[in-house]
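Presented below is the structure to which this report refers.
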Amino acid sequence: MNRSRLEKAIERALFASRWLLAPFYVGLAIALAVLLVVFAVSLWDDIWHLTQTSLGKLPEAAILMSLSMIDLTLTGNLVIIVILSGYENFVSKIEVDEGEGRPNWMGRVDFSNLKIKLIASIVAISAIALLRTYLEIHDHAPDTVTLTWEVGILLTFVVSGVLLALMDLFVSKTESH
């Protein structure tokens, strides 16, 4: 079958358009650097807060500090997963040697796995926010509206994750996929 030069040119241009995504991934890397600054400032602030906390409230304050650090770390993990797997899935293979600390999941996370990793990270972040609210209940009367929204949002993310996983399972079982 002989294709026209115009058709070949259009297909090459469309294929090359994937490089328009590269600045998005660079922007995410910048956002990751900003997140690192937020992490450092938050850590310093939390440590300062711990030094001002009474001994009776120290365990809860330390747990809240740890949850904040975990929350920011999970967000950073989420960003790096999107950067690396998104770039490799949609733009180009990243050529680094195994000795340079290449994560073993790189090159093996397809779009389906990426969706599952994203929703799992979002569920974890949402669960940490809910746990933080729960731990702060002792300091003040619970805001039932906020608590209800946090539980509802967490459950929405969990149900969404389960549905995404089920859809991927069904699609993978079809012969034409």
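The values are calculated or read from the model by the stated rules, or taken from the named source; none is laboratory data. Everything numeric in this text was worked out from a predicted model, so none of it was measured. Quick reminder, even Gly has a Cβ in these numbers, built from the backbone with ideal geometry, and neighbours come from all protein chains shown.
Does residue 12 count as basic (Lys, Arg) and part of a helix (DSSP H, G or I)? Criteria met by residue 12. Which of the residues belonging to segment 74-104 are under 29 Å from residue 43 (Cα atoms) and either surrounded by fewer than 13 Cβ atoms within 10 Å (Cβ to Cβ) or at pLDDT below 80 (or both)? Residues satisfying the conditions are 100, 101, 102, 103.
For segment 62-76, the condition of being without any contact (Cβ under 8 Å) to a residue 24 or more places away in the chain and acidic (Asp, Glu) holds for none of the residues.
For segment 46-65, the criterion of being of a type in the set (Val, Ile, Thr), within 23 Å of residue 102 (Cα to Cα), loosely packed, with under 15 Cβ neighbours inside 10 Å and out of contact with any helix residue (DSSP H, G or I) (no Cβ under 8 Å at 6 or more places or on another chain) is met by none of the residues.
Residue-by-condition table, conditions (1) aliphatic (A, V, I, L, M); (2) closer than 27 Å to residue 135 by Cβ:
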| position | (1), (2) |
| --- | --- |
| 3 | no, no |
| 29 | yes, no |
| 72 | yes, yes |
| 83 | yes, no |
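For segment 33-89, taking the residues that are of a type in the set (Phe, Trp, Tyr) and over 16 Å from the mean Cα position of the chain (by Cα), the one that is nearest to residue 120 (Cα to Cα) is identified as 44. Going residue by residue through segment 9-32, is there one that turns out to be touching a Ser or Thr at 6+ places or on another chain (Cβ under 7 Å) and at negative phi? Within segment 9-32, not a single residue is touching a Ser or Thr at 6+ places or on another chain (Cβ under 7 Å) and at negative phi. Would you confirm, using the coordinates I've provided, whether residue 6 is surrounded by 10 or more Cβ atoms within 10 Å (Cβ to Cβ) and more than 23 Å from residue 89 (Cα to Cα)? No: the conditions fail for residue 6.
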